[in-house]
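Taking it in order: structure first as structure tokens, then the write-up.
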Amino acid sequence: MTTTHHTTHHAIDRDTIAARLREADWELGPQGQWLAHLIHRGNAPGCHTALRAVLMPPAHVAGAHLHRAHEVQVMVLKGIAATLLGDDLAPLLHGAGDPICVPPGTTHAAANLSSTQWLLAVETISDPYSADVRPLPHLNAQVEETARRLRRERAVEVFNKETQTVESVADELIADVAIPARRSTTGR
């Protein structure tokens with residue numbers, strides 16, 4: 001039996017799909033972290049997922065929520081995060097280069113475990129403007145307490161990871177990226 005595959009070819013404008021982190025427009029996201037929408041359907045027709053950068057201030061905790069029908073894939077580029085997953089909010093620690101996937105409908109929250117350093121991550125999601133997010137505020141006290149406990153228990157590990165990456169490419173990148181707080185002072 002012969003199978004014929006039909007593919008739709010989209011005209012691709014190479015200038016519109018080449019996202020540049022240094023030129024990104026940042027906005028405050030629904031979980032209180034800074035987001036830069038890099039690639040999405042609006043600038044790359046035919047794409048079904050979006051790529052965005054995420055900046056979390058030191059000690060920031062994104063509240064508990066879920067995405068009803070969308071998965072989220074996250075990779076930390078700089079810093080160390082704790083993603084709290086599932087109904088029991090079990091912590092999963094991940095640092096620079098560690099990708100994770102949060103399946104649709106999974107309760108989750110995230111915390112920057114550093115009290116002094118910004119966290120930079122990238123994430124792919126098929127719901128780039130968070131229309132599918134269901135906040136779970138009744139879990140936020142537990143999320144905050146878990147984040148505080150992890151910062152205490154992992155303080156030495158976090159410090160060691162921060163000092164190991166001081167000279168890294170990720171640190172050079174974060175230094176070049178216009179962190180939103182600095183953007184307002186430069187007049188951009």
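The values are calculated or read from the model by the stated rules, or taken from the named source; none is laboratory data. Every value quoted in this text rests on a predicted model; they were computed, and no experiment measured them. Cβ placement follows ideal geometry from the backbone for every residue including glycine, while neighbour counts extend to all protein chains displayed. Surface accessibility is based on the protein's heavy atoms, side chains included, excluding ligands, DNA and RNA. Shrake-Rupley method; radii C 1.70, N 1.55, O 1.52, S 1.80 Å.
Here are some notes:
- Per the listing THR83, THR116, the residue uniquely of a type in the set (Val, Ile, Thr) and either in a loop (DSSP other than H, G, I, E, B) or modelled with pLDDT under 85 (or both) is THR116.
- Restricting the first member to the range 108-136 and to residues that are at positive phi, and the second to residues that are open to solvent by 20 Å² or more (accessible area, probe 1.4 Å), the beta-carbon pairs closer than 9 Å and six or more apart or on different chains are SER130/PRO30; SER130/GLN31.
- Within the set LEU89, LEU66, LEU51, LEU77, the sole residue that is at positive phi and either surrounded by 14 or more Cβ atoms within 10 Å (Cβ to Cβ) or not charged (D, E, K, R) (or both) turns out to be LEU89.
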